[in-house]
1. Quick one: what pairs do we get from the stretch 120-147, first residue farther than 19 Å from residue 91 by Cβ, second at pLDDT below 90 and outside any loop (DSSP other than H, G, I, E, B), C-beta under 9 Å, 6+ apart or different chains?
2. For the structure I just gave you, tell me whether residue 379 is touching a helix residue (DSSP H, G or I) at 6+ places or on another chain (Cβ under 8 Å) and either farther than 20 Å from residue 340 by Cα or surrounded by fewer than 19 Cβ atoms within 10 Å (Cβ to Cβ) (or both).
3. So, residue 274, is that one in contact (Cβ under 8 Å) with a residue 40 or more places away in the chain, within 20 Å of the chain's Cα centre (by Cα) and closer than 25 Å to residue 199 by Cα or not?
4. Exactly one of these conditions fails for residue 476: (1) under 19 Å from residue 161 (Cα atoms); (2) in contact (Cβ under 8 Å) with a residue 60 or more places away in the chain. Give me its number.
5. Quick test for you: out of 249, 176, 207, 165, pick the one residue that is modelled with pLDDT under 95, surrounded by 20 or more Cβ atoms within 10 Å (Cβ to Cβ) and either aliphatic (A, V, I, L, M) or in a helix (DSSP H, G or I) (or both).
6. Among 266, 221, which is the only one that is surrounded by fewer than 17 Cβ atoms within 10 Å (Cβ to Cβ), of a type outside the set (Ser, Thr, Tyr) and closer than 26 Å to residue 330 by Cβ?
7. State whether the residues of the stretch 40-47 include one that is touching a Phe, Trp or Tyr at 6+ places or on another chain (Cβ under 8 Å), touching a residue at least 60 places away in the same chain (Cβ under 8 Å) and polar (S, T, N, Q).
8. Being assigned to a loop (DSSP other than H, G, I, E, B) and either closer than 17 Å to residue 27 by Cβ or in contact with a Phe, Trp or Tyr (Cβ under 6 Å, 6 or more places away or on another chain) (or both) is the filter here, so list the residues in the stretch 210-221 that pass it.
Amino acid sequence: MQYRILAEAYARIESTSGLLEKTQILSSLLRESPPKEVSRLVALSLGKLHPDWMGTPEIGIAEKTAVQVVAAAASVSEAKVREEARKTGDIGAAAEVLLGRSAQGALLIEEPTASFVYDTLDATAKISGQGSSREKTAKLTGLLSSSSPLEAKYILRTVLGDLRLGLGDIIMIDALAVAFAGDKAASDEVERAFNVCSDLNHVAEVLALQGIQAVKSIKAEVGTPIRVMAAKKLATTTEIMQKVGQRALAEYKYDGERIQVHKDRETIALFSRRQERITDQYPDVVESVRQNIAANRCIVEGECVAIDPSTGKMRPFQELMQRRRKTDVDRMKELVPAGIFFFDILYLEDRDVTALPMLERRSLLEKIVRKSDRVNLTTGEIIDNPEGLSTFFQRAVESGAEGIIAKAVHKESSYQAGSRSWLWIKLKASYQEGLSDTVDLVIVGALYGRGKRTGVYGAILASVYDPDSDTYPTVCKIGTGFTDEVLTELKQRLEKHMLERRNPKVLADVEADVWFDPQIVIEVIGDQITQSPVHTAGRGKVEGGGLAIRFPRFTGRWRDDKGPTQATTVDDIVDMFERQHER
């Protein structure tokens, strides 16, 4: 397929705001593609060549490099490119205009195919070593020079990581189902396959070449991360017991990092909840798994916690995160040793066990975990009334846990990969005041500080995530909960994500002094959720405009373990708002 056909489809998708229309255009595009090429179309359309867990280099260039590439391809000065980008608000659009005016843009040349564009971007991403920046720039300049102005626009946006199409995994899954199974009803099976293999490109290829029955055969495999199941949040034990069916396995919720462990005899891989391969950061956990998991092949999940080497007690999450940010692994494992509390099993020997009820999975886990001072199961208890759950919660908090998770134990209590389900419900000490939930928000902007805060940011603008449109609507400004040390760290963390203009994925009616690429996630608590004429979260889903968090405060917890698409969602905020009014 010619890349021109993709670019023309992208232009139509960009010009429509309706999710149904976007899905229809995308499904038609996929249906027209040769089946062997579908996986590459999916990758290009989502702006991601490979899943994170593969550890394969992704194409990504700085805006400065993009300016150099456009200038070289269009035979104009870099100043001219910057000037045009300021007019259009987009380097991709600037490339379209400038190449259209240039002699190069008018040449009749051999059109690049979608596969050629994909292969060129993939090869460019893998260039490394001395002189790699110059080589990447030359390769991308060559690609743009052989492209039409419209093609250049979307190629540039792809390499900058911002296609501006409003496409996310959910829309792509629906489009694939319609294109190759004839009905959106097949979306559930496509999504299930994606959740267990964490590679939508692969699912698309199987679907296009072999059909929906082959997709149904995609199962969990050791070595390939499964998208994690997440918990909902409630503030009272009565509500929790009603939701789980009046009987639950209650477990301590530890202040650590969730880790998915894959063991294939002596080969062990650790994945974060973001599906990053973090095996090298935790050699002590790898050794604990090798010594204390009595199974040849398995996938288990646990909470990794920092241990005080002098007392054996747990230390805060932020101390554990030092292990992820430091390169001196051997030294850090002595300063901040790690232990792990296992709470679920997804695969055992040659069997996917995610469909088993919770208590059966817990029983399998108990049989393979050998307990030690660094390895244990989460403290758990079967409870069948709100009073018992309250007592268990108090014990958990008094022991140093941050709260509990109540898990349904009825026959339908399977492990639902990739979903946030009422089968698991969190209750944390922080939920007992103000909001019923803490929320994980994405920093998208900041305002300069004044007075004592001169030189740092006085407040930040934060968003939730909308998976339907792959956007980040704002939900609050945060100016409290920051110590001087945190304000300094905040500026350091955000500097590398600074943008010249607002990312179009950020939906904001308020202005910021500085805009950031939505990457950094923080934990926030507030007093309540209110209707807002200013913030955009929830617009179209509640009456009276959007929703905002009243009196938001940073809890001090950087969610380094979460990517921006794993932040609190629009639907979560709407659900919290409605439950708040019910109470």
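The values are calculated or read from the model by the stated rules, or taken from the named source; none is laboratory data. Every value quoted in this text rests on a predicted model; they were computed, and no experiment measured them. As a convention, Cβ positions derive from the backbone with ideal geometry for all residues, glycine included, and neighbour counts pool all protein chains shown.
1. That search, which allows pairs on different chains as well, returns 127/133.
2. Working: touching a helix residue (DSSP H, G or I) at 6+ places or on another chain (Cβ under 8 Å): yes; either farther than 20 Å from residue 340 by Cα or surrounded by fewer than 19 Cβ atoms within 10 Å (Cβ to Cβ) (or both): yes.
When the stated conditions are applied, residue 379 passes them.
3. Considered against the rule, which asks whether it is in contact (Cβ under 8 Å) with a residue 40 or more places away in the chain, within 20 Å of the chain's Cα centre (by Cα) and closer than 25 Å to residue 199 by Cα, residue 274 comes out as yes.
4. All conditions are met except number (1).
5. Only one candidate passes the filter, namely 165.
6. Values: 221 fails: closer than 26 Å to residue 330 by Cβ.
The unique qualifying residue is 266.
7. Checked the stretch 40-47: at least one residue is touching a Phe, Trp or Tyr at 6+ places or on another chain (Cβ under 8 Å), touching a residue at least 60 places away in the same chain (Cβ under 8 Å) and polar (S, T, N, Q).
8. Start the filter on the stretch 210-221 by keeping residues that are assigned to a loop (DSSP other than H, G, I, E, B), which leaves 211, 217-221.
Correct list: 211, 220.
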